[in-house]
Structures are given as structure tokens and as C-alpha cells.
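Peer 1: One structure, as C-alpha cells, below. Some questions next.
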Amino acid sequence: MGEKVLMKGNEAVAEAAIRAGCRHYFAYPITPQSELIEYMSRMMPKAGGTFVQAESEIAAVNMVYGAAGCGKRVMTSSSSPGISLKMEGISYLAGAELPAVIVNVQRGGPGLGDIQPAQGDYFQATKGGGHGDYRMPVLAPSTVQEFADMADLAFELGDKYRTPVMILSDGLLGQMMEPVDFKPRKTEAEMEELDKQHFDWCIHPNQDEPNRHHHEINSLEIDPLILEKHVIHLGEKFDKIEANEVRYEEYKLTDDCEYLIVAFGTAARIAKSAIDELNVEGVKIGMIRPITVWPYPYEAIRNALTPKIKKILVTELNLGQMIEDVKLAVEGKVPVEFLGKVGGILFTPQEVKDKIKGM
Amino acid sequence: MQVIAKRPDSLTDLNFTYCPGCTHGISHRLIAEAIDELDLRNKMMGVAPVGCSVFAYKFFNFDMAEAAHGRAPAVATGMKRARPDMHVFTYQGDGDLAAIGTAEIVHAANRGENISIFFVNNAIYGMTGGQMAPTTLPGMKTSTSPYGRDEQDIGYPIAACELLDSLRAPYYIERVSLLSPQDIIKAKRAVLKALKYNKENRGFTFVEFVSTCPTNWGMTPLDAMKWAKENMYPFFPVKLFRDKGEEGGK
């Protein structure tokens with residue numbers, strides 16, 4: 001488009017996914033992500049792609065498994081309760097090493113919870129969620145622009161490492177409108193290259209090629225010695241992702257900072273406003289915002305711990321989940337305090353300021 | 001030298017892992033023969049279930065996916081939508097299709113997905129050791145219905161063909177059996193028809209095989225076939241439910 005477009009986050013990530021070469025999308029309606037599935041139902045047929053409204057989130061993620069097994073860029077999306085249903089399929093995607101993108105527009109929980117923004121799925125997204133020994137890259141946007149940009153990044157990471165990738169957004173980013181600058185849509189030639197990149201393992205025609213063993217899309221290995229090798233191989237892959245794909249933003253972080261905030265997504269947005277005001281008032285404070293919440297920027301937090309840092313504040317829209325990773329990074333060297341809101345309630349910049357001043 | 005009989009190209013040379021007297025070997029072979037005869041192998045893809053036939057992905061000699069329990073029709077939907085130039089079938093047992101996967105089979109059929117489903121009904125969970133299935137007959141003893149299936153407590157067997165026949169979209173639905181050589185010849189015709197329609201992208205095709213499980217039924221293979229004829233046919237009659245191809249393709 002070349003110029004900025006005012007769009008909801010849910011629509012922006014859908015448009016960006018189509019531009020990134022996604023031509024297969026399967027999902028089930030749920031608030032607050034419904035604009036995403038609606039956008040796909042309008043635009044996917046126009047892009048020559050496939051849109052199927054599945055009978056459940058479980059069916060949707062298994063349709064993703066089938067399309068991903070054919071080597072295609074494929075996406076599904078949901079909100080917290082629906083993501084729980086997709087967890088079975090995500091474990092299978094990880095086990096069978098299939099690239100796929102899953103968008104979670106988080107809402108309040110547990111259970112049905114409500115339909116307001118929350119960050120209560122952090123543990124589920126970053127510490128497993130599905131069964132078995134797997135990890136999954138999780139990208140946490142904090143603006144609509146970043147939400148859109150992450151579609152492309154998620155597909156790239158998925159293809160590079162043959163892994164499902166989650167974009168961990170929330171109801172605020174899904175529903176709010178901001179100007180977005182889109183990348184150009186992939187050309188026919190680029191789409192053809194994408195199609196071929198997985199031909200050494202995926203399902204595709206021309207099975208008559210001499211010496212081509214039939215391809216199996218599979219997470220089952222009944223022989224423990226072989227499964228052991230497979231899981232060790234997965235572990236080595238996760239190590240590589242941890243070594244190469246950590247992403248974070250430093251905000252107003254200087255050597256003379258006395259306070260450090262660690263926050264992601266919507267919580268980080270609010271914290272930024274508080275930091276701006278506190279800096280004006282003379283409080284020396286900066287922030288580290290994890291962009292990948294797995295792999296987690298432990299090293300960046302450790303490196304920010306200058307002798308001047310007195311305390312760290314973690315702000316989240318939950319009862320305190322990411323704070324465990326911050327504490328792992330800090331290793332008890334500095335006190336870590338917490339400001340959280342739950343039930344779909346947001347904190348204000350003033351509440352962050354008050355918390356810092358009371359520390 | 002003239003070849004009289006050989007392994008179909010659509011089967012690998014691995015030995016089946018099925019019990020002696022099990023009918024899975026027959027249904028695998030019928031599907032493989034039909035794929036060869038229709039010259040479909042280089043465009044074929046299949047989905048294996050969870051159950052005794054969980055290793056079907058090793059036995060069929062073309063690209064295969066192993067699905068989570070019950071999800072094969074959803075996986076096949078994704079595969080067919082991603083590769084409309086290829087053809088896909090699922091191979092599922094009664095626990096997989098008629099219990100945990102009920103939603104997936106009903107909705108794939110209702111969408112009229114261009115896929116074939118081969119459904120093996122032997123009225124029991126074989127792989128996990130003979131537990132009650134959704135198709136277990138009233139009074140039938142299994143390891144989780146040790147006093148016999150009590151239909152007042154747990155209901156009657158689910159008849160998959162009859163259930164799917166209430167939907168408008170499916171193109172072809174037939175129940176066949178594997179209980180005698182004549183039945184197997186008829187079953188082969190049904191498999192061929194389903195895969196021919198699949199090749200022509202005509203829509204959703206479904207073939208149920210009334211099958212046996214001598215091991216978990218505690219019978220010899222011949223007794224199992226006799227028992228199945230006497231006890232399964234009343235609940236699962238061999239029947240052509242629907243063939244839109246015969247009706248002029250409406």
C-alpha cells in the first residue's frame with residue numbers, strides 16, 4: 001500500500017499474514033478475536049486462499065496440522081479458552097515439527113472469564129500448555145504495527161526451525177485501531193519458492209521420483225530409544241532458538257537508571273507512559289520489554305543490573321507470571337516487586353507511578 | 001514369467017503388526033489395490049488414526065500423516081485444502097471415529113469435503129486391550145463392560161452410516177463387511193467406487209467395514225466371523241445408503 005492504514009490489530013495481523021504468504025487459515029469464532037476470522041473470511045478467497053470456519057478450535061488446529069504437513073504457510077487464531085482447546089494440536093505440531101502460526105488474542109480467565117484484555121496465558125504459552133517436552137517461540141506485540149509485523153516474523157521463524165509459533169496478543173491490541181505500514185505482498189515467484197522449501201519432508205505430489213521414500217507427518221515413535229533421539233533433537237533445536245532468536249526492546253534504559261521496569265505487550269505500553277512522566281519528574285527509570293517471551297531475554301535483564309539499580313518492578317495483566325522469569329534472571333541480586341491487574345482490568349500510568357514512588 | 005499375485009505397489013514391504021486373523025490386513029490390501037488400479041498412488045495421501053491401525057502410515061506406500069485421536073477428518077480437510085491436486089483418505093476405527101472424533105467426522109461429512117473415509121468397525125477398542133467402544137453391542141462383555149454393555153446405562157451402539165446419511169452433502173455412503181470371500185469382493189467394489197469418486201473430486205465418500213477382533217473377542221478368526229454375522233448385522237446391516245453417482249450425480 002505504501003501509506004499507513006488505520007486498522008484494528010485483529011485485521012492488521014490477518015492482512016499481514018496474507019501478505020506474508022499465508023493462503024490457508026482455519027479457525028472458530030471467539031471474542032475478542034472475531035474481526036480476525038471475519039477479515040480472513042472476506043479476504044482469503046480474494047487472495048486465492050482457503051478459509052474454513054471449523055466446527056471447533058480442536059478441528060481448526062488439526063486442519064492446520066494437515067495443511068502444514070503439506071508444507072504450506074498456515075495460520076489459526078483464537079482467544080484464551082479456544083487456545084486451551086488448541087493445545088493438543090500445538091503439542092502434535094511441535095512433535096511432528098510442523099511450521100504454523102497461532103494467534104492468541106488473550107482475554108480474562110480462568111474458565112470462560114470475560115472478554116476484556118488480559119495476560120493470564122503467559123504460563124500456558126511459554127511453559128508448555130500442551131503435553132510433552134516441547135518449546136514454542138512466542139512473540140508478544142505491544143502496538144498494532146508490531147502485531148502486524150509479527151505475522152511475517154512468525155512465519156519466518158516457523159519455516160526456519162520447523163516449529164509452531166505463537167503471537168501472544170490481547171483484547172486491547174486486537175480491538176484498538178492504530179496506523180499500520182504493511183510490507184508488500186509476496187510475489188508469485190516468492191510464493192513458489194515458499195512452496196518448494198519443505199519438499200524434502202512434506203506431503204507433495206511426484207511420489208514416483210526414484211528413491212524417494214514416502215513422507216510421514218508424525219509425532220509417534222513407539223521405540224523409546226528412537227523417541228529419545230527425536231526429543232534430544234528437538235532439545236537441540238530449542239537451544240538454537242534460545243541462542244539466536246531472543247528479541248527485546250530497551251526503553252529509556254541508561255547507565256544511571258535506579259529503577260527498572262520489565263513488562264510485555266499491553267502492560268509495557270502503559271508502563272512507557274509512566275516512565276515518560278517519571279523521567280520528567282527526575283526519577284531515573286527505564287524498561288526492558290521482552291518481544292520474544294520464549295526465548296526469554298534473561299541475559300538482557302542480567303546485563304541491565306548495574307550497581308545503581310535499586311529495585312525492579314514487573315507489571316502484568318495477571319496475578320504474576322512473567323515475574324518468575326524476571327526473578328530467574330535477577331537471581332536474588334535486586335528486590336523484584338509486582339504490579340498486576342486481573343479480570344480484564346487495566347492499570348493506569350498513574351498507578352505505575354504511585355507504585356514506583358512507594359518502592 | 002507371469003505375475004499371478006503380488007503385493008500392491010501402494011503397500012510398503014513392511015510386515016503388518018496386526019494379530020493373526022485380524023481383518024485390518026484385508027482392508028489395507030483392498031484400499032491399496034484400488035489405488036493401484038485407479039493409478040492414483042503418485043497423487044495419494046492418507047491419514048492414519050489412533051487405534052490398532054495407528055501404524056498405517058508405515059504400511060501405505062505414499063505420503064501419510066498420523067493424526068491425533070479422532071481428528072483424522074480435520075487433518076484430511078487441511079491436507080485436501082492445501083493440496084487440491086492430490087487425493088486423501090482417512091482410515092479410522094470405531095473408537096477414533098464414533099467416540100472421540102464424532103464432531104470431526106460429522107462436520108467433514110456435512111461440509112462435503114472431497115475426502116474418503118474408510119471406517120473399520122469391530123465393536124471394540126483393540127489396541128488398548130479390548131475396552132468398550134461406541135459400537136459395542138448390547139450385552140457384549142469387554143474389559144470396561146465386564147458385566148456386558150447395559151444399554152439402559154450407557155446407551156445403544158452408534159451406527160455411523162445411518163448418522164451420516166441424515167446429512168445432505170455426502171456423495172457416497174456404504175456399509176460392507178469382511179466376513180466372507182464374497183463379502184470381501186463386494187467390499188473391494190465399494191472401496192474402488194469411493195476412491196474413483198475421490199479421484200473425480202465428487203465429494204465426501206464413506207465406506208464402513210464390518211470387521212472382527214478375534215483377539216479381544218476371545219474367539220478363533222472363523223468363530224469371530226460367524227459371531228459377527230449373527231450379532232453385528234442386526235445393528236450394522238450391510239447396505240448402500242447413498243450413491244449420488246448412480247442417481248445421475250445430483
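Peer 1: As a test, work out the antiparallel percent of DSSP beta bridges whose residues both lie in chain B, rounded to the nearest 5.
Peer 2: Of those bridges, close to 25 percent are antiparallel.
Peer 1: Ok, one more. If you count the DSSP beta bridges with both ends in the stretch B:96-237, what percent of them are antiparallel, to the nearest 5?
Peer 2: Working: 3 of 15 bridges.
DSSP beta bridges in the stretch B:96-237 are roughly 20 percent antiparallel.
Peer 1: If you build the Cα gyration tensor of the stretch A:104-157 and take the root of 5 times each eigenvalue, what three semi-axes come out, in whole angstrom, biggest first?
Peer 2: They are 21, 18, 7 Å, listed largest first.
Peer 1: A follow-up question, please. Under a point spin-label approximation (7 Å from Cα along Cα-to-Cβ), what is the B:Asp39-A:Thr187 distance to one decimal in nm?
Peer 2: The modelled label-to-label distance comes out at 3.8 nm.
Peer 1: Can you give me the solvent accessible area of B:Tyr18 with a 1.4 Å probe, rounded to the nearest 10 Å²?
Peer 2: So the heavy atoms of B:Tyr18 present about 40 Å² to solvent.
Peer 1: In the neighborhood of B:Glu113, defined by Cβ-to-Cβ distances under 11 Å, what is the net charge if each Lys or Arg adds +1 and each Asp or Glu adds -1?
Peer 2: Cβ neighbours under 11 Å give a net charge of +2.
Peer 1: For peptide A:49-62, what's the mean number of Cβ atoms from other chains within 10 Å of each residue's Cβ?
Peer 2: 6
Peer 1: Just read off the accessible area of A:Val342 with the full protein assembly in place, 1.4 Å probe, to the nearest 10 Å².
Peer 2: About 70 Å², ignoring ligands and nucleic acids.
Peer 1: Whole-Hz ³J(HN,Hα) for each residue in the stretch A:233-247, computed from phi via Karplus 6.51 cos²θ - 1.76 cosθ + 1.60 with θ = phi - 60°, x for glycine and proline: what do you get?
Peer 2: So the Karplus estimates, Gly and Pro as x, are 4, 4, x, 5, 5, 4, 4, 4, 5, 4, 6, 10, 10, 5, 10 Hz.
Peer 1: Can you run phi through the Karplus equation (6.51, -1.76, 1.60; θ = phi - 60°) for the stretch A:298-311 and list ³J(HN,Hα) in whole Hz, with x for Gly and Pro?
Peer 2: Residue by residue, the stretch A:298-311 yields 4, 4, 5, 5, 4, 5, 7, 7, 6, x, 6, 5, 8, 8 Hz.
Peer 1: Quick one: check the C-alpha center-to-center distance for the stretch A:282-315 versus the stretch A:229-276, whole angstrom.
Peer 2: The stretch A:282-315 and the stretch A:229-276 have Cα centres spaced 8 Å from each other.
Peer 1: On average over all directions, what projected area in square nanometres does the stretch A:174-306 have, based on the convex hull of its Cα atoms?
Peer 2: Convex hull of Cα atoms, orientation-averaged projection: 14.4 nm².
Peer 1: Next question, about the same structure. If you rank A:Lys160, A:Lys353, A:Lys311 by how much accessible surface each has, with a 1.4 Å probe, what is the order from largest down? Walk me through the intermediate numbers first.
Peer 2: Details: A:Lys160 135, A:Lys353 15, A:Lys311 50 Å².
Ranked list, largest accessible area first: A:Lys160, A:Lys311, A:Lys353.
Peer 1: Further question: Once amide H atoms are placed 1.01 Å from N in the peptide plane, what residues at a sequence separation of 5 or more from A:Leu339, or on another chain, have their amide H within under 5 Å of its amide H?
Peer 2: HN-HN under 5 Å from A:Leu339: A:Val314, A:Thr315, A:Glu316.
Peer 1: Another question, if that's okay. Return a whole-number percent for the relative contact order of chain A, with Cα pairs under 8 Å and 6 or more residues apart as the contact set.
Peer 2: Details: 757 pairs, mean separation 64.7, N = 359.
The normalised contact order for chain A reaches 18 percent.
Peer 1: Using all C-alpha to C-alpha distances in the stretch A:35-193, build P(r) with 5 Å bins and read off the rounded percent in each one.
Peer 2: P(r) over the stretch A:35-193, rounded to whole percents: 2, 9, 18, 23, 23, 15, 8, 2, 0, 0.
Peer 1: What would the Debye equation give as log₁₀ I(q)/I(0) for the stretch A:249-357 at q = 0.22 Å⁻¹, counting only Cα atoms as equal point scatterers?
Peer 2: -1.24
Peer 1: Using a probe radius of 1.4 Å on heavy atoms only, what accessible surface per residue do you get for the protein assembly as shown? Whole Å² is fine.
Peer 2: Per-residue value: 39 Å².
Peer 1: Evaluate 2.2 N^0.38 Å with N set to the residue count of chain A, then give the Cα radius of gyration divided by it. List each step's numbers first, then the result.
Peer 2: Values: Rg = 20.9 Å, N = 359, 2.2 N^0.38 = 20.6 Å.
Rounded to two decimals, the normalised Rg is 1.01.
Peer 1: Obtain the radius of gyration and the Kirkwood radius of the stretch B:151-247 from its C-alpha atoms and give Rg over Rh.
Peer 2: Radius of gyration over Kirkwood radius for the stretch B:151-247 works out to 1.02.
Peer 1: Another question, then. Can you pull the three principal axis extents for the Cα set of the protein assembly as shown, in Å, largest first?
Peer 2: Here the Cα extents, ordered largest to smallest, are 91, 57, 44 Å.
Peer 1: Quick one: ranking B:Val3, A:Val61 by accessible area, 1.4 Å probe, largest first, what do you get?
Peer 2: I get B:Val3, A:Val61, largest accessible area first.
Peer 1: Quick check: convex hull of the Cα atoms in chain B, volume per residue, rounded to a whole Å³?
Peer 2: Given the Cα convex hull of chain B, per-residue volume reads 127 Å³.
Peer 1: Right, next: Which semi-axis lengths, in whole Å and largest first, follow from the square roots of five times the eigenvalues of the Cα gyration tensor of the stretch A:144-233?
Peer 2: Equivalent ellipsoid of the stretch A:144-233: 35, 22, 9 Å, largest first.
Peer 1: Would you mind telling me the share, in percent, of accessible area of the stretch B:1-132 contributed by carbon and sulfur at probe 1.4 angstrom?
Peer 2: 54 percent
Peer 1: Another question, then. Can you compute the equivalent ellipsoid semi-axes for the stretch B:31-134, i.e. the square root of 5 times each eigenvalue of the Cα gyration tensor, sorted largest first and rounded to whole Å?
Peer 2: Values: eigenvalues 101, 51, 23 Å².
With the √(5λ) rule applied to the stretch B:31-134, the semi-axes are 22, 16, 11 Å.
Peer 1: At 18 angstrom or more along the helix axis (alpha-carbon based) and mean Kyte-Doolittle of 1.0 or higher, what helices does chain B contain? Whole DSSP H runs only.
Peer 2: none
Peer 1: Using Cα-Cα distances under 8 Å and only pairs 6 or more residues apart, what relative contact order does the stretch A:1-136 have, in percent?
Peer 2: Relative contact order of the stretch A:1-136: 21 percent.
Peer 1: Moving on to the next point. If you take every residue apart from A:Ala118 with its C-beta less than 9 Å away from the C-beta of A:Ala118, what net charge results, scoring Lys and Arg +1 and Asp and Glu -1?
Peer 2: Combined, the nearby Lys, Arg, Asp and Glu give -1.
Peer 1: Sticking with this structure for a sec: So, with a 1.4 angstrom probe, what is the percent of accessible area on the stretch A:5-196 that is carbon and sulfur?
Peer 2: Heavy-atom surface of the stretch A:5-196 belonging to carbon and sulfur, 1.4 Å probe: 54 percent.
Peer 1: How much net charge surrounds B:Cys52 when only the other residues with a Cβ under 15 Å from the Cβ of B:Cys52 are counted, with Lys and Arg +1 and Asp and Glu -1?
Peer 2: -2
The values are calculated or read from the model by the stated rules, or taken from the named source; none is laboratory data. The shown structure was predicted, so the numbers you read here are calculated from the model rather than taken from an experiment. Positions of Cβ are backbone-derived with ideal geometry, glycine not excepted, and every protein chain shown enters the neighbour counts. We work out accessible area using only protein heavy atoms, side chains counted, and drop any ligands, DNA or RNA first. Shrake-Rupley method; radii C 1.70, N 1.55, O 1.52, S 1.80 Å.
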